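The values are calculated or read from the model by the stated rules, or taken from the named source; none is laboratory data. All of these numbers come straight from a predicted model, not from anything done at the bench. All Cβ positions, even for glycine, are placed from backbone atoms using ideal geometry, and neighbour counts span all protein chains on display.
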Amino acid sequence: MSALLDVAGIEKKFGGVAALSGCTLSIARGKISGLIGPNGAGKTTLLSVISGALSPDKGTVSFDGRDLGGLPPHRRAAIGLVRTFQIARELENLTVFENVVLAGSSPEEETTFRALFKRRGLKQSQALVFERAETILKRAGLWHVADNLASALSGGQKKLLELARALMLRPKLVLLDEPAAGVAPPLVKSLIGFIRELAAEGITFGIVEHDMHLIASLCDEVHVLAEGRLLVSGSFDEVSRDKRVVDAYLGRAA
Amino acid sequence: MTAYLVTILILASISAIVALGLNIQWGVAGLVNFGVVGFYSVGAYATAIVALGGGGAWGGLLAGVLASAVLSALIALLTVRLTDDYLAIVALGLAEVVRLVLLNEAWLTGGPLGISGIPRPFAGLVTEANYPVLLLGMILLALAATLLFAEALVRSPFGRALRAVRDDDTVAAALGKDALSLRIKAFAAGGAIIGLAGALHAFYITYIDPSQFTSIVTAYAFMAVIAGGRGSNIGLIIGAGSIMALLEATRFLKDFIPFLDGTKLAALRLAMIGAGIVLLLIFRPQGAMAEPRLSARASRPEAELKPDRLSERKVLPHAS
Ligand SMILES: Nc1ncnc2c1ncn2[C@@H]1O[C@H](COP(=O)(O)OP(=O)(O)O)[C@@H](O)[C@H]1O
Ligand SMILES: [Mg+2]
């Protein structure tokens, strides 16, 4: 089974702080991979490097057999590599529906030329986006609040909105940064069911999460990060029995 | 009295057009253009220079629009990689540079004396005395066309992408939006509109000099957008109209309050506008009207906005 995403030897320093120091790992195609590790291990930084929001000091990211070096974040999203944010970042002055429609609209639809001179064609292509937006918002349980401003959602709903937005891009890989953080337990349960369904439909997931129940019940493989590099990979049972992992969480990583 | 009304309407329409341009840049795309007057004067001067240089009134108009649009695109290109604050400072600096060029490059701009005898469109059709009415008609048409243009942009997927970039450019990029190119387009589109307003100014006055282009132009545009509601084109027309009405109405104060002379009154009127904006920002920060939003209810009329699957799952626990 070939990997969908490979990161190799990533280094990233913030001033004097090495957030990533030679991080290498891969995410298997069609699987749900977990990414765990103590706070400050570099998980969010790794997601930002993968998505292109940060450029690494060293190392490579390749996705679907293609080296992504130098590709700006919006181009990475366009080829199906989509990430969400640890602290939900809804577009607060857009409605829930607009957030999702935005993600589903293509750059071709967003030209000034179309806006001015191809209005009928634009209306038709947008109608398809609206339809998909409805379907996805319904699946995410957000349709009834579709016309609310995104800023008015609860913390858990904002996380769901991020996932819904990501889905509008027809992603191959979705990287979720702590999707369950601050989400009420019943909604976490729904979220787990939703992610499982989407994975069954062929979307690959990489999930950064501290909620070990979510990791245990979803992930085919778990990567443990500590101090900016990969400590160990394996099934959840394997890594949770690993003494190095326990040490890392207790702040005793070698 | 008619002549006075025509003058007021012309000035109000021109400032409404400036505000429509600023609204695309700042209201919708979040690009703080503190140099509005710079682009406005470039529009006016390019119009005058080209019109007198053989381009005629229409050639001048086109030149005014293009010059301001191209300059805007260049400024945006130079600064979009920086944060918002830098664009504001660069735009402010640009307005100053433009002012200095207008004052000092006399071979091109006439220096402090400016340029006079600017040809006007359709000037032969009516008498000199009746021309302002014809011009008002043209300016109102230009305002209507600009409004349609701005509305088409703001309500389109392009406008939505601009609003996304304004709210959070990192998120917009993560959703596949090219923030850089969107910002350049927005700044250029707004710049074109501001240039058009500058051209109309040149046609109205027929004699332009640097003293007509002060930062008051920039301030009025911001006031109109704030009063009307950032992002709302219709709102800002109301905003620009109200500001002009207020300014003009207060002009007559000196007939009633004996100790006010012209200078004091001018200062007082500006202070009133300033106070008005502060009050507005305190009591109605969103302005007169909200920016237009795409409604799910209207876009998917057959689908009811009822609680849906995942929210039902809360009640019916998911089998796991
Ligand atoms: N933008 C930043 N500027 C400076 N330091 C940062 C920045 N982002 C992360 N760091 C530092 O890098 C390290 C890794 O952070 P992060 O990737 O957020 O870890 P995690 O998501 O695993 O908790 C931490 O020491 C953090 O303080
Ligand atoms: Mg993190």
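I need the full set of residues from segment B:120-177 which are in contact (Cβ under 8 Å) with a residue 60 or more places away in the chain, charged (D, E, K, R) and in a loop (DSSP other than H, G, I, E, B), in order please.
Answer for segment B:120-177, where residues must be in contact (Cβ under 8 Å) with a residue 60 or more places away in the chain, charged (D, E, K, R) and in a loop (DSSP other than H, G, I, E, B): B:ARG120, B:ARG155.
Checking A:ALA53 against (1) within 16 Å of ligand 1 (Cβ to nearest atom); (2) small (Gly, Ala, Ser); (3) surrounded by 20 or more Cβ atoms within 10 Å (Cβ to Cβ), which single condition isn't satisfied?
It fails just one condition, (3).
Counting just the residues of segment A:48-74 that are in contact with a strand residue (DSSP E or B) (Cβ under 7 Å, 6 or more places away or on another chain) and within 16 Å of ligand 2 (Cβ to nearest atom), which one comes out farthest from the other protein chains (Cβ to nearest Cβ)? Before you say what the answer is, go through the steps one by one.
Start the filter on segment A:48-74 by keeping residues that are in contact with a strand residue (DSSP E or B) (Cβ under 7 Å, 6 or more places away or on another chain), which leaves A:49-51, A:54, A:56-64, A:67-69.
Checking the rest, the ones that are also within 16 Å of ligand 2 (Cβ to nearest atom) come to A:49-51, A:54.
Values: A:VAL49: 13, A:ILE50: 11, A:SER51: 6, A:LEU54: 10 Å.
Among them, the one singled out is A:VAL49.
Can you confirm whether B:GLY59 is assigned to a helix (DSSP H, G or I), surrounded by fewer than 24 Cβ atoms within 10 Å (Cβ to Cβ) and either on the phi > 0 side of the Ramachandran plot or in contact with an Asp or Glu (Cβ under 7 Å, 6 or more places away or on another chain) (or both)? Full working, then the answer.
Numbers: assigned to a helix (DSSP H, G or I): yes; surrounded by fewer than 24 Cβ atoms within 10 Å (Cβ to Cβ): yes; either on the phi > 0 side of the Ramachandran plot or in contact with an Asp or Glu (Cβ under 7 Å, 6 or more places away or on another chain) (or both): no.
No.
Return the total of residues in segment A:9-47 being part of a loop (DSSP other than H, G, I, E, B), at negative phi, within 16 Å of ligand 2 (Cβ to nearest atom) and surrounded by fewer than 17 Cβ atoms within 10 Å (Cβ to Cβ).
Here the count works out to 1.
Which residues, taken from segment A:81-99, are out of contact with any strand residue (DSSP E or B) (no Cβ under 7 Å at 6 or more places or on another chain), more than 16 Å from ligand 1 (Cβ to nearest atom) and over 26 Å from B:ALA189 (Cβ atoms)?
A:GLU90, A:VAL96
Just give me the residues in segment B:160-184 being at the interface with chain A (Cβ under 7 Å from one of its Cβ atoms) and either closer than 16 Å to A:SER106 by Cβ or polar (S, T, N, Q) (or both), in sequence order. Before the answer, list the steps.
Our first condition is that a residue be at the interface with chain A (Cβ under 7 Å from one of its Cβ atoms); within segment B:160-184, this holds for B:160-161, B:163-164, B:167-168, B:170-171, B:173-178.
Within segment B:160-184, B:ARG160, B:ALA161, B:ALA164, B:THR170, B:ALA173, B:ALA174, B:LEU175, B:GLY176, B:LYS177, B:ASP178 meet the criteria.
Among the residues of segment B:238-265, count how many are closer than 21 Å to B:ARG155 by Cα and either surrounded by fewer than 24 Cβ atoms within 10 Å (Cβ to Cβ) or free of Cβ contacts under 8 Å to residues at least 12 places away in the same chain (or both).
Summing the residues that are closer than 21 Å to B:ARG155 by Cα and either surrounded by fewer than 24 Cβ atoms within 10 Å (Cβ to Cβ) or free of Cβ contacts under 8 Å to residues at least 12 places away in the same chain (or both) in segment B:238-265 gives 1.
Can you tell me which of B:ALA240, B:ALA249, B:ALA245, B:ALA227 is of a type in the set (Gly, Ala, Ser) and farther than 30 Å from B:PHE149 by Cβ?
Details: B:ALA240 fails: farther than 30 Å from B:PHE149 by Cβ; B:ALA245 fails: farther than 30 Å from B:PHE149 by Cβ; B:ALA227 fails: farther than 30 Å from B:PHE149 by Cβ.
The match here is B:ALA249.
Restricting to segment A:86-106, name every residue that is in a loop (DSSP other than H, G, I, E, B) and either among the aliphatic types (A, V, I, L, M) or modelled with pLDDT under 95 (or both).
Pass one, segment A:86-106, residues in a loop (DSSP other than H, G, I, E, B): A:86-94, A:105-106.
Listed by number, the residues that qualify are A:GLN86, A:ILE87, A:ALA88, A:ARG89, A:GLU90, A:LEU91, A:GLU92, A:ASN93, A:LEU94.
Can you spot a residue in segment A:149-169 that is without any contact (Cβ under 8 Å) to a residue 24 or more places away in the chain and basic (Lys, Arg)?
no
Results for (1) more than 10 Å from chain B (Cβ to nearest Cβ); (2) within 19 Å of the chain's Cα centre (by Cα), shown as yes or no for each residue.
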residue	(1), (2)
A:LEU94	no, no
A:GLY104	no, yes
A:GLU131	no, no
A:TRP143	no, no
A:ALA166	no, yes
A:LEU169	no, yes
A:PRO179	yes, yes
A:GLY182	yes, yes
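Matching residues to (1) within 14 Å of chain A (Cβ to nearest Cβ); (2) part of a helix (DSSP H, G or I); (3) of a type in the set (Gly, Ala, Ser):
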residue	(1), (2), (3)
B:ILE226	no, yes, no
B:GLY239	no, yes, yes
B:ALA245	no, yes, yes
B:GLU248	no, yes, no
B:PRO258	no, no, no
B:VAL278	no, yes, no
B:ALA288	no, no, yes
B:GLU302	yes, no, no
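Is it true that A:LEU167 is of a type outside the set (Val, Ile, Thr), more than 16 Å from ligand 2 (Cβ to nearest atom) and surrounded by 22 or more Cβ atoms within 10 Å (Cβ to Cβ)?
Details: of a type outside the set (Val, Ile, Thr): yes; more than 16 Å from ligand 2 (Cβ to nearest atom): yes; surrounded by 22 or more Cβ atoms within 10 Å (Cβ to Cβ): yes.
Here the answer is yes, as A:LEU167 does meet what is asked.
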